[in-house]
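Written below as structure tokens is the structure these notes are about.
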Amino acid sequence: MRIDVFTIFPGLVDDFASESLLGRARQQGMLDIRVHDVRQETSDVHHRVDDSPFGGGAGMVMIPEPIFAAVERVDPPRPLLYLGPAGRRLDQAYAHQLAALDGFSLLCGRYEGVDERVREHLVDAEVSIGDYVVSGGEVAAMVVLEAVGRLVPGVMGNDTSADDESFSDGLLEYPQYTRPADFRGWSVPEVLRSGDHAKVERWRRVQALRRTVAERPDLIEARGGITAQEQEMLAEFDR
Ligand code: SAH
């Protein structure tokens, strides 16, 4: 999968995507992440990428020329997604949709954002990481890279490990424990050490259900409630 990122801070994104899971996936050729410096496309001596807004007001706006020039020179994989608070909110379902593509591209804004003509005539869609404002699209692009990258087949060492994570079936994940079995007097639930795999499965399902009911009732509603079979499972464990 190829993902191109357009930014005026290429180092931020490139460094981030060089470590850990993404870095390994890049090295192994599973992810082709290319970061492009929009500032290199400027034609004036000062390498300006921003200017004051027509109509007045605070802050600066990214000018269209270098952004268009960078995208047209590279001809990156489409869709080209602009990171911005007005976009479709990223969630696990959207991440899966992006992970199913052969490639896509990301455009990071800075300052007050990009000239509207970039949104109208250059990008294909807008993606938001949530209802808050960050100072630049880079951190948002990194969120997209991580959420999508780990869903690309082969990127996570164990291919099944994305399957039972939070949101994969409309539920939050069950609690995880590792050694030691007893830490400061807090012990790991007995069932996890019982060796009864079917029971462990049921316990995990129950914990995922309980946690989701408690923390995110909206997710339970979205999946259409709790099934009769799940009700039965809930009754099997008192906590
Ligand atoms: N003036 C804009 C915010 C600009 S923030 C407004 O009020 O909508 C500067 C840049 O950060 C934006 O161009 C965008 O690329 C990025 N950004 C800010 N918040 C974001 C969010 N929630 N999701 C994705 N990108 C975001």
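The values are calculated or read from the model by the stated rules, or taken from the named source; none is laboratory data. Every value quoted in this text rests on a predicted model; they were computed, and no experiment measured them. Quick reminder, even Gly has a Cβ in these numbers, built from the backbone with ideal geometry, and neighbours come from all protein chains shown. Just the protein is used for accessible areas: all its heavy atoms, side chains included, with ligands, DNA and RNA removed. Shrake-Rupley method; radii C 1.70, N 1.55, O 1.52, S 1.80 Å.
Tabulated values for the structure
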| quantity | calculated |
| --- | --- |
| Segment ARG78-SER194, length gained on full extension (0.36 nm per residue, minus Cα span) | 36.8 nm |
| Dipole in debye (nearest 20) - segment 98-239, about Cα centre, beta carbon charges: Lys, Arg +1; Asp, Glu -1 | 620 debye |
| Percent RCO, i.e. relative contact order, over the chain, from Cα pairs under 8 Å lying at least 6 residues apart | 19 percent |
| Dipole magnitude of segment 182-238 about its Cα centre (Cβ charges: Lys, Arg +1; Asp, Glu -1), debye to nearest 20 | 200 debye |
| Geometric extent, Cα atoms of segment 101-239 - Rg, Dmax (angstrom) | 20.7, 62 |
| Selected from GLN229, GLN27, GLN40 as most flexible by GNM, with the chain as the system and alpha-carbon contacts under 10 Å | GLN229 |
| Cα centre as origin, Lys/Arg/Asp/Glu Cβ charges: the chain dipole, Debye | 640 debye |
| Spin-label pair TYR94/SER52, simplified geometry with 7 Å Cα→Cβ offset, distance in nm | 3.4 nm |
| Per-selection Kirkwood Rh - the chain (Cα, Å, 1 d.p.) | 20.6 Å |
| For segment 177-185, 3J(HN,Hα) per residue [Karplus equation, 6.51 cos²θ - 1.76 cosθ + 1.60, θ = phi - 60°, Hz, x = Gly/Pro] | 9, 9, 5, x, 5, 10, 10, 6, x |
| Residues with amide H under 5 Å from that of GLY103, placed H, sequence gap 5 or more | ARG2 |
| Derived scalar couplings ³J(HN,Hα) [segment 94-103; Karplus, 6.51 cos²θ - 1.76 cosθ + 1.60; whole Hz; x for Gly, Pro] | 5, 4, 5, 4, 5, 5, 7, 7, 6, x |
| Quarter of Cα convex hull surface for segment 182-238, i.e. mean projection, nm² | 4.8 nm² |
| Amide proton proximity set for VAL5, modelled H, under 5 Å, gap of 5+ | ARG34, VAL35, HIS36, LEU106 |
| Hz values of 3J(HN,Hα) by residue in segment 233-239 - Karplus curve (6.51, -1.76, 1.60), Gly and Pro given as x | 4, 4, 6, 5, 10, 7, 7 |
| The chain - share of DSSP beta bridges that are antiparallel (%, nearest 5) | 15 percent |
| Average accessible area per residue (Å²) across the chain - probe 1.4 Å, nucleic acids and ligands excluded | 57 Å² |
| For GLU126, distant residues with modelled amide H under 5 Å away | TYR82, ARG88 |
| Full-stretch length increase - GLN28, VAL213 - with 0.36 nm per residue and alpha-carbon distance subtracted | 62.6 nm |
| Options ALA140, MET156, PRO77, ranked by Cα towards positive dipole end of the chain, top entry (Cβ charges) | MET156 |
